[in-house]
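Structure first, commentary second.
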Amino acid sequence: MSCSRTGKPLFGAVDVSLESGQCLHITGANGVGKTSLMRTICGLMPAESGDILWSGASIQQARDEFHQNLCYLGHQNALQEAATVQDNLRFLGSLKGLAFDDADIQLALTQFGLSGSAKRLVRHLSQGQKRRVVLSQLVLSQAALWVLDEAFVSLDEAGQGILTALITTHLRRGGMAVLTSHQAIVLDDVVPQILDLSA
């Protein structure tokens, strides 16, 4: 598969596969096309050539099944500043056809160290707290494939530890993850595949 921007190739042809319990770490300099590749994997951008397969079928043919099994979190937080944390999470869940009750949301927020924050307005949170709210969707998600663009940005050391443990647990349960990060990713029991787009 390859991607282009305004008719110019972003990187050489990419050929990777993931199975249950595996993780792919996409690396490369800024502007090399990491986000474009992730958006293409998710079906949000067309590939210049090649195809993305889910369980052996093109994601265009298996669109519904693929999107039910996909949780994509971009590098932008995409939160409504004037809404509460819980209303944001309910809205984001509704986009995937998921309904979260108060107990679900409280559990997810507590796991990310945000106990008692459900009714706070997002605009009153720090950048690190906002990132934790976005990432708490992973606890609520039922998706097998997590695609996370710069998920560790704005997280302190404790937040990074929580996210790393969550990804590790997801992989142990047979999930898959595709990540971009400017830092090394160390997961217990799992060595991520590395795809360097600058190479």
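From Gln80, Gln60, Gln76, which residue is over 16 Å from the mean Cα position of the chain (by Cα), without any contact (Cβ under 8 Å) to a residue 24 or more places away in the chain, part of a loop (DSSP other than H, G, I, E, B) and surrounded by fewer than 17 Cβ atoms within 10 Å (Cβ to Cβ)?
None of the others qualify; the one that does is Gln60.
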State whether one or more residues within region 134-144 are out of contact with any strand residue (DSSP E or B) (no Cβ under 9 Å at 6 or more places or on another chain), in a loop (DSSP other than H, G, I, E, B), modelled with pLDDT of 95 or more and of a type in the set (Gly, Ala, Ser).
yes
Among the residues of region 2-25, is there at least one that is among the basic types (Lys, Arg), touching a helix residue (DSSP H, G or I) at 6+ places or on another chain (Cβ under 9 Å) and touching a residue at least 24 places away in the same chain (Cβ under 8 Å)?
yes
Find the residue count for region 114-147, including only residues that are aliphatic (A, V, I, L, M) and more than 21 Å from Gln80 (Cβ to Cβ).
4
Filter result (buried (at least 18 other Cβ atoms within 10 Å of the Cβ) and either modelled with pLDDT of 95 or more or in a loop (DSSP other than H, G, I, E, B) (or both)) within region 27-46
Gly28, Gly33, Cys42, Gly43
Looking at (1) closer than 30 Å to Arg123 by Cβ; (2) in contact with an Asp or Glu (Cβ under 9 Å, 6 or more places away or on another chain); (3) exposed (fewer than 12 other Cβ atoms within 10 Å of the Cβ), find the lone condition where Ser55 falls short.
(1)
Kindly indicate whether Ser117 is touching a residue at least 12 places away in the same chain (Cβ under 8 Å), part of a loop (DSSP other than H, G, I, E, B) and buried (at least 19 other Cβ atoms within 10 Å of the Cβ).
yes
Residue satisfying all of: in region 3-23; hydroxyl-bearing (Ser, Thr, Tyr) and farther than 30 Å from Asp189 by Cα; surrounded by the most Cβ atoms within 10 Å (Cβ to Cβ) among these
Ser4
Per the filter on region 169-199, residues buried (at least 18 other Cβ atoms within 10 Å of the Cβ) and either part of a loop (DSSP other than H, G, I, E, B) or of a type in the set (Ser, Thr, Tyr) (or both) are Gly175, Thr180, Ser181, Ile185, Pro192, Leu197
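The values are calculated or read from the model by the stated rules, or taken from the named source; none is laboratory data. Computed from a prediction, not measured in an experiment: that's the story for all the values here. Cβ atoms come from the backbone with ideal geometry, glycine included; neighbour counts cover every protein chain shown.
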